[in-house]
Each structure stands twice: as C-alpha cells, then as structure tokens.
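This report refers to the structure that appears directly beneath it.
Here, each number is a calculation from the coordinates, and none is a lab measurement. Source: prediction; values computed, not measured. Here Cβ is always computed from backbone atoms with ideal geometry, including for glycine, and neighbour counts include all displayed protein chains.
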Amino acid sequence: MKRSLLISFAAVLLSIPIFAFGATYQIDSDHSNFQFKVRHMTVSNVKGEFKKVKGTVTIDENDMTRFKVEVTLDAASVNTDHAKRDDHLRGEDFFDVAKYPTIAFVSKEVTKVDENRLKVVGDLTIRGVTREVTVDVDGPTHEVKDPGGNIRRGATGTLKINRKDFGMGWHKTLDNGGLVVGDDVNISIEVELVRK
C-alpha cells in the first residue's frame, strides 16, 4: 500500500511542468544597457554606462514574487565617452576599481505591483559597501523565439541612489554652493534575457 502511494506521488511530481519551478535566463550583454545619469555643475546631466555585465534572472510564471536577479558589472568598464573623466571614475575618488573590480546586485524580495510591473528589493554592492535598494521593474515581457531558436524576453528597471552612501564622497563646490558632481545618481537598466 505504501509503495503504491509512493509511486503515485512520484508520478504526480514528474507530471508537473518544469516551468512551474521557474526558468533561468542569462543576461545578453550585447543587447542590454546599464546606464547612469548624474547632475554636472547644477546645469546639465552627464550620462554613462557599464559595458561589461553578466548575470542571471529566474522567473516563475505562476508566482512573480519568486523573481530572482543576480547581476555583476565590471566596474572598470565604466564609459562616459570622455577618457579623462573615465579614468577619474575608475580611480580612488569614485569606483576604485583596483580594490573593488565589480559592482553586484542580488535580489531578496519581490512585490508584484500589477500585471506589468514589479518592485524588486535587493542588495547593491559598490566599493565593498552593501546597501538595500529598490528597483522599479517594467516587465518581464513575454517570451519570443529568435531566428536562431533561442527563447528571449526583456525587462526595464529604474532606481536612484546617493553615491556618498557607497563611499564616493569626492566633491568640489561651486561659487553658488552647488556641486561639480551631484550626489544623486539615476540608474536605468534595459536587459534582454536568453533562456538557458
């Protein structure tokens, strides 16, 4: 009797579709952007991005609160299209890439806002300092099959951080009291995902 129950239970488990436990996707770095925007001298914004990124996203269609993200950025890949500024950003005043070569984000809690939006709370680590942040996510989009047969989907994320919270306290003050580099950093993320 016990054996027949075990066999029946095993049959039920095997009959559950694999996607019920979530599908894992890799970030396609060639079709993804991790950009930031910072106020410059109180009059304009300077934009930049990180060129090298890797990570995974796990999506459970039956329960989006189980959405999981792990992302690693190569801090030295920062690019603002200005070589001298980029060298300064890689130095000790900002990212200090010699000591802290990576920037990382790991999700730990997800709230479903509506059918198309999530709030993803996680730990962001920059310069060895870890802070909890909230990312507003549009998506993920529905799966599509590319010409090569790969399953793809995407998502957009936004958040704002204060650079001083992560040990980047360098500043110069203007005559009007404003800062050469603003404290607030607006981050926008566009990711394209490929199912493993």
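Computed from backbone phi with θ = phi - 60° and the Karplus coefficients 6.51, -1.76 and 1.60, the 3J(HN,Hα) list for the stretch 129-137 is 9, 10, 10, 7, 10, 10, 9, 7, 10 Hz; x is used for glycine and proline. Farthest towards the positive end of the charge dipole of the stretch 20-77, among the residues THR65, SER44, SER29, is the Cα of SER44, using unit charges on the Cβ of Lys, Arg, Asp and Glu. The stretch 59-86 and the stretch 21-54 have Cα centres lying 6 Å from one another. Residues in the stretch 115-123 carry Karplus couplings, in order, of 5, 10, 9, 10, 10, 10, 9, x, 9 Hz; the curve used is 6.51 cos²θ - 1.76 cosθ + 1.60 with θ = phi - 60°, and Gly or Pro positions show x. Ordered by the count of other Cβ atoms within 10 Å of each Cβ, fewest first, VAL43, VAL113, VAL137 give VAL43, VAL113, VAL137. If you take the alpha carbon atoms of the stretch 18-195 and fit the smallest convex hull around them, that volume is 128 Å³ per residue.
Sorted ascending by nearby beta carbons within 10 Å, beginning with the fewest, LEU124, LEU159 become LEU159, LEU124. Spatially, the stretch 151-166 and the stretch 104-134 are offset by 8 Å when compared through their Cα centroids.
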